[in-house]
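Please read the structure below before turning to the comments.
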Amino acid sequence: MNNVAPELPADLARYRDARFIASGGQKHVFSATCEKNGPVVVKLFKADTDMARFKRELSAVTELQCPLTPSILEWGLIDYQGQSAPYVVEPFIPGASIQQHLDAGSLQDDNILQIAKDVLSVLTLTEQKGIVHRDIKPANLLLHSDTSEVWLLDFGIVRHMDRTALTVGPMGPCTPGYAPPEQFNAVAAEIDVRSDIFALGVTLHTCVVGQNPFWAGAADGMEVFQRMQTMQLPRLSREPAGLTGFADLVAAMTQPRRTNRPRTAVEAKDWLDDLLAQRSK
């Protein structure tokens, strides 16, 4: 077994002090510094990366111009191990993922409410732009160590609603346990912001109870998919920071039938804002 960490190719040597962070999906991720932009993240994709999806990811991030999503500093193709491979450079965001905080037991109730507030704010913008993230989960949310804001990362399987779907086959790209039924069943006509609202609701539920309930006791991913077809998550028995009504909001967001969820990100955000306003009185 090869345990040697990958290295940044010589073609990217202008990014100094490169340090391997992690590998996931189709890419290796490094932190580095450059003279112009300071601390950055360099994402080196594998040579067999689907370039159509890669370009849609770049397009989505560029179109959003959102303060809680990454920006693209540079991208291109380089020679990597004898093959042409794409890369992306983004500003470095200090902090750790929500999944890392869950694993460490360091996630606080205020962090959970911040996740709801910040991600719903991002979704109001993605909805306006006709973009569906399709992979909201604790691993793709980053808690900024300086501001405590929550950033939405990794638009690798983003869907542009005004473009032809890239998915071919009976199952759409997704993360088992977070994606809603219409997404993993590849029902393209039904995938919209309500799909992301569902995934955010499952994420919030997971953060409150400490584990994803669809995975609890499941033998494998297929059992998870079967549960998600009809299973309604158990109602939260605890509301973070004593926010009365939060359990009702999460229950609505995680309804298996999309028509029973909040219709828009604005509707879900207004619901949350009302709860927070009532608490502050």
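Of all residues in region 58-81, how many are under 20 Å from Leu8 (Cβ atoms), touching a residue at least 40 places away in the same chain (Cβ under 8 Å), open to solvent by less than 50 Å² (accessible area, probe 1.4 Å) and of a type outside the set (A, V, I, L, M)? Within region 58-81, residues that are under 20 Å from Leu8 (Cβ atoms), touching a residue at least 40 places away in the same chain (Cβ under 8 Å), open to solvent by less than 50 Å² (accessible area, probe 1.4 Å) and of a type outside the set (A, V, I, L, M) number 2. The number of residues in region 248-281 being closer than 21 Å to Pro234 by Cβ and assigned to a loop (DSSP other than H, G, I, E, B) comes to 6. When Thr49 is tested against (1) in contact (Cβ under 8 Å) with a residue 60 or more places away in the chain; (2) of a type in the set (S, T, N, Q); (3) in a loop (DSSP other than H, G, I, E, B); (4) over 14 Å from Leu142 (Cβ atoms), just one condition goes unmet, and that condition is (1). I'm checking my understanding of the structure. Among residues of region 1-60 that are touching an Asp or Glu at 6+ places or on another chain (Cβ under 9 Å) and among the hydroxyl-bearing types (Ser, Thr, Tyr), which one is farthest from Ile131 (Cα to Cα)? Ranking the candidates gives Thr33 first.
Look at region 21-36: where a residue is modelled with pLDDT under 90 and among the hydrophobic types (A, V, I, L, M, F, W, C) and a partner is surrounded by 14 or more Cβ atoms within 10 Å (Cβ to Cβ) and not in a loop (DSSP other than H, G, I, E, B), sitting 6+ places away or on another chain with Cβ atoms under 9 Å, you get Ala22/His28; Ala22/Val29.
Within region 158-169, can one find any residue that is under 14 Å from the mean Cα position of the chain (by Cα), open to solvent by less than 30 Å² (accessible area, probe 1.4 Å) and at pLDDT below 95? Walk me through it before giving the result.
Filtering region 158-169 down to residues under 14 Å from the mean Cα position of the chain (by Cα) leaves 158-159.
Next cut, open to solvent by less than 30 Å² (accessible area, probe 1.4 Å) only: 158.
If we keep only those that are at pLDDT below 95 too, we end up with 158.
Yes.
Across region 106-131, what is the total count of residues that are in contact with a helix residue (DSSP H, G or I) (Cβ under 6 Å, 6 or more places away or on another chain), surrounded by 21 or more Cβ atoms within 10 Å (Cβ to Cβ) and either farther than 23 Å from Val209 by Cβ or among the polar types (S, T, N, Q) (or both)? So the count comes out to 1. Residues in region 82-98 that are among the small types (Gly, Ala, Ser) and under 16 Å from Trp151 (Cα atoms) were compared, and the one that is surrounded by the fewest Cβ atoms within 10 Å (Cβ to Cβ) is Ala96.
Could you run through region 115-167 and say how many residues are of a type in the set (Gly, Ala, Ser) and closer than 21 Å to Ala52 by Cβ?
Quick first cut of region 115-167, residues of a type in the set (Gly, Ala, Ser) only: 116, 121, 130, 139, 145, 148, 156, 165.
With closer than 21 Å to Ala52 by Cβ added as a condition, the list becomes 130, 156, 165.
The qualifying residues number 3.
Just one of the listed residues (Thr244, Thr259, Thr230) is among the hydroxyl-bearing types (Ser, Thr, Tyr), open to solvent by 50 Å² or more (accessible area, probe 1.4 Å) and at pLDDT below 95, and it is Thr230. Counting only residues that are modelled with pLDDT of 85 or more and open to solvent by 50 Å² or more (accessible area, probe 1.4 Å), region 1-17 holds 7 of them.
Table: residues versus (1) part of a helix (DSSP H, G or I); (2) under 26 Å from Glu239 (Cβ atoms).
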residue: Ala179; (1), (2): no, yes
residue: Glu182; (1), (2): yes, no
residue: Ala186; (1), (2): no, no
residue: His205; (1), (2): yes, yes
residue: Phe214; (1), (2): no, yes
residue: Glu223; (1), (2): yes, no
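A residue that is of a type in the set (Phe, Trp, Tyr), under 21 Å from the mean Cα position of the chain (by Cα), on the phi < 0 side of the Ramachandran plot and modelled with pLDDT of 95 or more occurs somewhere in region 198-220. In region 145-157, the residue that is most open to solvent (accessible area, probe 1.4 Å) out of those that are more than 15 Å from Gly25 (Cα to Cα) and touching a Leu at 6+ places or on another chain (Cβ under 9 Å) is Glu149.
Among the numbered conditions (1) open to solvent by less than 10 Å² (accessible area, probe 1.4 Å); (2) among the aromatic types (Phe, Trp, Tyr); (3) under 15 Å from the mean Cα position of the chain (by Cα), the only one that Tyr178 does not meet is (1).
The values are calculated or read from the model by the stated rules, or taken from the named source; none is laboratory data. As the structure is a computational prediction, the values presented were derived from the model and not from experiment. For neighbour counting, all protein chains shown are included, and Cβ atoms are generated from backbone atoms with ideal geometry for every residue, glycine included. Heads up: the accessible areas ignore ligands, DNA and RNA and are worked out on the full protein's heavy atoms, side chains in. Shrake-Rupley method; radii C 1.70, N 1.55, O 1.52, S 1.80 Å.
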